[in-house]
Amino acid sequence: MAEREGGSSSEMSLKDQGNEFFKSGKYLKAAALYTQAIKQDPSSPTLYSNRAAALLQLDKLNKALDDAEMTIKLKPEWEKGYFRKGSILEAMKRYDDALAAFEIALQYNPQSQEVTKKIKRINQLVREGKRAQEVENMRSNVDMAKHLQALKPELSGKYGSEECWKDMFTFLVETMETAVKSWHETSKLDARVYFLLDKEKTQTDKYAPIVNIDKAFESPHTHGNCFLYLRQYAEESFSKAACLVTPKSIIAYPQVWKGQGSRKWKHAQNDGFFVQFETPSLRKLWFIPSSNEKGQTLCRDPDGLDIGAHEILPRLFKENLPSS
């Protein structure tokens, strides 16, 4: 809001005209009149304060900041100069500097509700900004390996060869990270099974590392046929492991998240996707829930599920039983 102050009749006329234009939203005309008034009285802090307010509305922030600084220089103990400065810095999204200016304004006028509200608002914006940055960091720095460390000793115990189990672990991590990044970008996934093919045995011209299964969950019939096809595919392609990735939303059959006694589905209506990891000796299942934060889709940490209760597909590989 533009300020009033006493002065000569000529200054009052220009300033008051500027105030009227400001009130009616004609900020360019208001700024021009304040400029004329400043030429007549360059020592008036109110005129610089008023022009700063008009320039702020015109989004001429650097010029507005200069006027706010001049207001403070001319009248250092007037909270309005600091309020103008804080408001302009807020528009520049320089929140720490804005907060400092508002806090000085409050020192000179502790009763100002206007300044108090601004301080609360800036603190809220700072918190929101920090959380938005945290969300963005979580979205861009996807690291599934840290969530799967407990799987390493299991794989090592099942597969003595370090090269073998590390290949499987890397395959799983990369598949999960690709799925998460895709979900972050589009909030959806294609239902697919990824296969870890044997580089020496697989006929790569005949067997691809990815099989789409988007129709697999439409009915018990399609589900059964898909499972039989995938089991045969895994065997004939000499795959060492497989990883199913499917969004929860497409699963009409089986409805894996519905209650099963103590193993009841615990993610309610949360959106997200399943990752089912299959090897001849080890089977694992995770659900990766997602939420919307600060206008961004964010995948949460993978939650390990009881595969006996919630398997998406039956066992794909013939089970390797220990020798008697």
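General observations
- Of all residues making up the stretch 105-157, the number that are β-branched (V, I, T) and over 20 Å from the mean Cα position of the chain (by Cα): 4
- Within this structure, A53 fails the test of being farther than 18 Å from K85 by Cβ, in contact with an Asp or Glu (Cβ under 9 Å, 6 or more places away or on another chain) and buried (at least 21 other Cβ atoms within 10 Å of the Cβ).
Let's see how each residue does on (1) touching a Gly at 6+ places or on another chain (Cβ under 7 Å); (2) crowded, with 17+ Cβ neighbours inside 10 Å; (3) within 19 Å of V275 (Cβ to Cβ); (4) β-branched (V, I, T):
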residue	(1), (2), (3), (4)
E128	no, no, no, no
M144	no, yes, yes, no
L148	no, yes, yes, no
L151	no, yes, yes, no
E154	no, no, yes, no
G157	no, no, no, no
F169	no, yes, yes, no
M176	no, yes, yes, no
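- Check on T46, buried (at least 17 other Cβ atoms within 10 Å of the Cβ) and β-branched (V, I, T): yes
- Qualifying residue in the stretch 75-92 (condition: buried (at least 19 other Cβ atoms within 10 Å of the Cβ) and in contact with a Gly (Cβ under 6 Å, 6 or more places away or on another chain)): no
- A30 meets all of the listed conditions (1) buried (at least 16 other Cβ atoms within 10 Å of the Cβ); (2) in contact (Cβ under 8 Å) with a residue 60 or more places away in the chain but one, namely (2).
- Contact map, the stretch 65-79: residues that are over 14 Å from Q107 (Cα atoms) paired with residues that are open to solvent by 40 Å² or more (accessible area, probe 1.4 Å) and among the aliphatic types (A, V, I, L, M), Cβ distance under 8 Å, separation 6+ or inter-chain. Pairs shown: L65/M92.
- Taking the criterion of being open to solvent by less than 50 Å² (accessible area, probe 1.4 Å), in contact with an Asp or Glu (Cβ under 8 Å, 6 or more places away or on another chain) and either under 30 Å from G295 (Cα atoms) or part of a loop (DSSP other than H, G, I, E, B) (or both), the residues of the stretch 188-231 that qualify are A191, Y207.
- Pick from the stretch 265-303, criterion open to solvent by less than 40 Å² (accessible area, probe 1.4 Å) and in a loop (DSSP other than H, G, I, E, B), ranking: nearest to M168 (Cα to Cα): T279
The values are calculated or read from the model by the stated rules, or taken from the named source; none is laboratory data. Quick caveat: nothing in here was measured; it's all calculated off a predicted structure. Don't worry about glycine lacking a Cβ; one is built from the backbone with ideal geometry, like all the others, and counts go over all protein chains shown. Keep in mind that these areas ignore ligands, DNA and RNA; they rest on the heavy atoms of the full protein, side chains included. Shrake-Rupley method; radii C 1.70, N 1.55, O 1.52, S 1.80 Å.
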